């Protein structure tokens, strides 16, 4: 294909995203499973019940689950019902959307860069590990960000904005809101910039842009009502439950500057580079479209006590753009090569590392002694809690968790999730590990006490010591 022949870096990006979709099993946040895929699996008839409080209070939009329902239905019709396979297919579809967004991100912003500086912006953007990792996530964070960016880039791709670009951009903004309501702040900020900067006259703004946003929102309301089987306006429900009733604070709160701490922790060495570049850009360009998008979104999320770095995912693209507008890497080629090198190392790691390590345990157990009844003995951990298999759609059939002390002298199976519990089991009984999250030789090392903090899931075949 000419696209890969003329741009070989596109092939590297596509390869990285494909590998990540296959090997980065699980999720960054449980919402990726319990909300998105579980809702879709219920519609597909693979999951019987949804019992989360979000479902009962009707705060979750159905737009993304219906997208996945439509995408996965042909595979279900062909007889593919294995939830692990369907989840991988879903990540591949997410990866395709992510790939298209990354290409559009670099291609449509090209006119804002000099030819030489654009090459650095393109290489970094297409191989930056957080963008590769997030590109395969089946979350509303990823999909809503992509829809917003594709709409934004459609409008920005040329200096003169066509009616077609406004129609497409407005509709994508509306669908982005239907996928994740917080992106409405991004759309509103950019829409006001179009109006106040006189980029668009009021008449075109209303009829060619805002009306299409409304259409995208109405599509979301229709899908929400279809999913909940009653007329539902999820933005109102979300505002009531999480903001007015402040349920969201129950998941933990941080001070207003918490996102600075999260950025330094999550983006490590890249955070100072991107933050300084973005601040410098906004200082020099206070009326630019990127500044208008960035500041309101950051202020809104900083004002809310509960903070997660994934909430700011749309801003990562904007920050990269602003940073490469600020830095002249033509003068610092060696520095850029070093930065790119570390980013590629990160990309290789996320391509092969599970997003949620216990997912490999679920996969192993799902196929273990298929068709047979299996009793798994569990034991209280140091906090007095028993381990659970919470992801019902991936649960092995005919499996029972027993929360009692072992009384049988026959071989029995144990299920543990912490290394300390595994050591206790091995000391009390004669056990063989059928599955363990990490190789035994890795577990011999406990640098910075990583072993004590990590999930070390194990299935052990045991018997009483004579």
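A few remarks follow.
- Screening residue 103 against (1) crowded, with 23+ Cβ neighbours inside 10 Å; (2) part of a helix (DSSP H, G or I) leaves a single unmet condition, (1).
- Qualifying residue in segment 114-133 (condition: at pLDDT below 95, assigned to a loop (DSSP other than H, G, I, E, B), within 21 Å of residue 330 (Cα to Cα) and in the same structural domain as residue 325 (by TED's automatic domain parsing)): yes
- Taken together, 97, 92 contain a single residue that is free of Cβ contacts under 8 Å to residues at least 60 places away in the same chain and under 14 Å from residue 18 (Cβ atoms), which is 97.
- Residue check, residue 168 more than 28 Å from the chain's Cα centre (by Cα) and either assigned by TED's automatic domain parsing to the domain that holds residue 95 or assigned to a helix (DSSP H, G or I) (or both): no
- Residue within segment 314-336 that is under 30 Å from residue 248 (Cα atoms), touching a residue at least 60 places away in the same chain (Cβ under 8 Å) and either in the same structural domain as residue 439 (by TED's automatic domain parsing) or not in a helix (DSSP H, G or I) (or both) present: no
- Residue match in segment 20-39 (condition: crowded, with 16+ Cβ neighbours inside 10 Å and over 30 Å from residue 127 (Cα atoms)): yes
- For segment 4-92, the helices (runs of 4 or more DSSP H) that sit wholly inside it and include 3 or more residues that are over 28 Å from residue 178 (Cβ atoms) are 8-23.
- Only one of 51, 85, 57 that is outside the structural domain of residue 437 (by TED's automatic domain parsing), touching a residue at least 60 places away in the same chain (Cβ under 8 Å) and surrounded by fewer than 19 Cβ atoms within 10 Å (Cβ to Cβ): 57
- Residue match in segment 179-190 (condition: part of a helix (DSSP H, G or I), within 30 Å of residue 24 (Cβ to Cβ) and within 17 Å of the chain's Cα centre (by Cα)): yes
The values are calculated or read from the model by the stated rules, or taken from the named source; none is laboratory data. Keep in mind it's a predicted model, so treat the numbers as computed, not measured. Every residue, glycine among them, receives a Cβ derived from its backbone with ideal geometry; neighbour counts consider all protein chains shown.
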